[in-house]
Amino acid sequence: MKRLFAVVLATVLCCLARQATAQTPRHVVVHAGHTLDVKSGKLLPDQTVEIEDGKIVGVSGAAGAKIPADAVRIDLPNATLLPGLIDAHTHLTMDPRFGYEILAISIPRETLTGAKNARLTLLAGFTTVRNVGASNFTDVALRDAINAGDVPGPRMLVSGPPLSITGGHCDNNMLPFEYHATEAGVADGIAAVQHKVRENIKYGSDLIKVCATGGVLSLGDNPQHSQYSLEEMKAIVADAHRLGRKVAAHAHGAEGIRWAAEAGVDSIEHGSYIDDAGIAIMKEHGTYLVPTLYLGDWMIENAGLTHLPPPLLAKAQEVIPAARKNIAHAFASGVKVAFGTDAAVYPHGLNAHEFAVMVKLGLTPLQAIQAATINAADLLGWSGKVGTLESGAWADLIAVDGDPLKDVTTLERVKFVMKGGEVVKNDYGK
Ligand SMILES: [Zn+2]
């Protein structure tokens, strides 16, 4: 029986592989007027990227390129080429709906929302995302559908339901007791959090997301309060790391940031009230900060449109200015930064607006671009595979007009997107 299964599986895989090669040309070469080397920050003229079976096999000056006879040639003489961008904090299956509006959205409906947003995110130049929180396992379904070629979208690493204490930021605190409404990721105590980490992995999570403090867009909690205890977070990180999964911690309050970093999480998300003690622990452990800044501008500008419940708007108005001040200080202190947006709090596809805010708060344009390429790739555990134009990486490329080192907002207008050697957008060809 097992042998029969193996034969059937081998046949299916073989057919799938044949289908994939029929859709995507084996050899592709992309020549661009300029190419940004995101490691050195150098803008190199007239480079050619050679691609074979969806992966980069060489990058060279136009004269030195070895171009196979069957190669499909793409010429972008007036464009600047970069690696596809990485957003380390998305919620593709969610849209900007807040408070009680969320209760009307079913799990199947949320998954379909994810298919819409995956395409928008890819077209905006984000060829990889780390999705840190979805209802149940809608993100696992979306990731698998993208990988199977059923729907267009970025490469995804997904967390499944975020772990939360009872009544915490990632629980459902909107209904009275008699409804017994509890989110899928709720777990209290060492044994329960260990079980939850293992359960999430069982159902397809690539990483673990934990809500270490209260949040802004939730009822009945305070972003400054730490939620999980240090011992619970240590148990979460120990199990996740032992099972080969990284941990992302939602953390606004200073104590929660310190505890999460001390417990050994791989990234602090938001980091609004980060203080010098937290910065010191993060630097010691090599923890990444994933600030999510542009959402502040969008939420305040669109508060009328989003029907944000008054207690949530009040929290946003208090947290956003404090976060900007503290994040600017963290940037100046040299903490490691990876790019993340929290897209879902605002419409998907606007992700690149984050760059300008990062620069406004003290990063250079190159540092902001590195946060969305080599740094985010390191945080995801995908160094050398994404966020870089070098041999062995997936052929995920974007192109823009002008020089993003001089004007980082040019990344808000991505004109060419390739994922795995396949062109998904080319406004230059029109
Ligand atoms: Zn988030």
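The values are calculated or read from the model by the stated rules, or taken from the named source; none is laboratory data. Nothing here was measured: the structure is a model prediction, and the numbers come from that model. Methodologically, a virtual Cβ is constructed for each residue, glycine included, from the backbone with ideal geometry; neighbour enumeration extends over all protein chains shown. Protein only, heavy atoms only, side chains kept; ligands, DNA and RNA dropped before computing areas. Shrake-Rupley method; radii C 1.70, N 1.55, O 1.52, S 1.80 Å.
Between Gly58 and Glu50, the built amide H atoms are under 5 Å apart, and every one of these is 5 or more places off in sequence or on another chain. Here the dipole of the range 124-234 is about 380 debye; that uses its Cα centre as origin and unit charges on the Cβ of Lys and Arg (positive) and Asp and Glu (negative). Among beta bridges identified by DSSP and lying wholly in the range 307-430, the antiparallel ones come to about 90 percent.
Relative contact order, whole percent, for the range 189-324 stands at 21, derived from Cα pairs under 8 Å and 6 or more residues apart.
In sequence order, the range 384-391 has phi-based couplings of x, 9, 9, x, 7, 10, 9, 3 Hz under the Karplus curve 6.51 cos²θ - 1.76 cosθ + 1.60, θ = phi - 60°, and Gly or Pro positions carry x. Of the residues Thr292, Tyr428, Ile86, the one whose Cα sits farthest toward the positive end of the charge dipole of the chain, with +1 on the Cβ of Lys and Arg and -1 on the Cβ of Asp and Glu, is Tyr428.
The antiparallel fraction among DSSP beta bridges confined to the chain stands at about 50%. Backbone N atoms of the range 73-101 closer than 20 Å to the 7 Å Cα→Cβ label point of Glu390 belong to residues 81-87.
Convex hull volume of the Cα atoms of the range 274-353, normalised per residue: 99 Å³. Each Lys and Arg contributes +1 and each Asp and Glu -1, all at the Cβ; summed about the Cα centre of the chain, the dipole is approximately 1020 debye. By a 1.4 Å probe calculation restricted to protein chains, His225 has an accessible surface near 110 Å², given to the nearest 10. In the chain, the portion of solvent-accessible area held by carbon and sulfur atoms comes to 57 percent [1.4 Å probe, whole percent, DNA, RNA and ligands not counted].
Just Lys202, Lys55, Lys360 to compare: in a GNM of the chain, with alpha carbon springs under 10 Å, which one fluctuates most? Looking only at Lys202, Lys55, Lys360, the largest GNM fluctuation is found for Lys202.
Helix-only arithmetic for the chain: the sum of -39500 (n - 2.57) across DSSP H runs with n ≥ 4, divided by the residue total, places the mean residue ellipticity at 222 nm at -10500 deg cm²/dmol.
Please tell me the relative contact order of the chain in percent, rounded to the nearest whole number, where contacts are Cα pairs under 8 Å and at least six residues apart.
So the answer I get is 18 percent.
Enclosing the Cα atoms of the chain in their convex hull gives a volume equal to 152 cubic angstrom per residue.
When the charge dipole of the chain is built from unit charges on Cβ atoms (+1 for Lys and Arg, -1 for Asp and Glu) and taken about the Cα centre, the candidate among Gly114, Phe331, Thr24 whose Cα reaches farthest toward its positive end is Thr24.
Distance between the 7 Å Cα→Cβ label points at Ala280 and Asp46: 5.4 nm.
Looking at this model, which pairs from Lys116/Lys209; Lys39/Lys234; Lys55/Lys116; Lys39/Lys116; Lys246/Lys406 are more than 30 angstrom apart at the alpha-carbon?
From the list (Lys116/Lys209; Lys39/Lys234; Lys55/Lys116; Lys39/Lys116; Lys246/Lys406), the Cα-Cα distance tops 30 Å for Lys39/Lys234; Lys39/Lys116; Lys246/Lys406.
Have a look at Thr138, Thr113, Thr93 and tell me which one the Gaussian network model of the chain (Cα, springs below 10 Å) gives the largest fluctuation. Answer for the Gaussian network model of the chain: Thr113. The residues of the chain expose, per residue, 42 Å² of accessible area to a 1.4 Å probe.
For the set Tyr273, Tyr428, solvent exposure ranked by accessible area (probe 1.4 Å, protein chains only) runs largest to smallest as Tyr428, Tyr273. A dipole drawn for the range 211-335 from +1 and -1 charges on Cβ atoms has a positive end, and of Ala251, Val237, Ala212 the residue lying farthest that way is Val237.
Ignoring ligands, DNA and RNA, how do Leu76, Leu112, Leu243 rank by accessible area with a 1.4 Å probe, largest first?
If we order Leu76, Leu112, Leu243 from most to least accessible, we get Leu112, Leu243, Leu76.
Compare Ser40, Ser272, Ser391 in a GNM of the chain, Cα atoms joined below 10 Å, and give the one with the largest fluctuation. Per the Cα network of the chain with a 10 Å cutoff, Ser40 tops the list.
Multiplying the residue separation of Thr182 and Tyr203 by 0.36 nm and subtracting their alpha-carbon distance yields 5.7 nm. Normalised Debye scattering of the range 221-347 at q = 0.13 Å⁻¹ gives log10 I(q)/I(0) of -0.53, counting only Cα atoms as equal scatterers and leaving out solvent.
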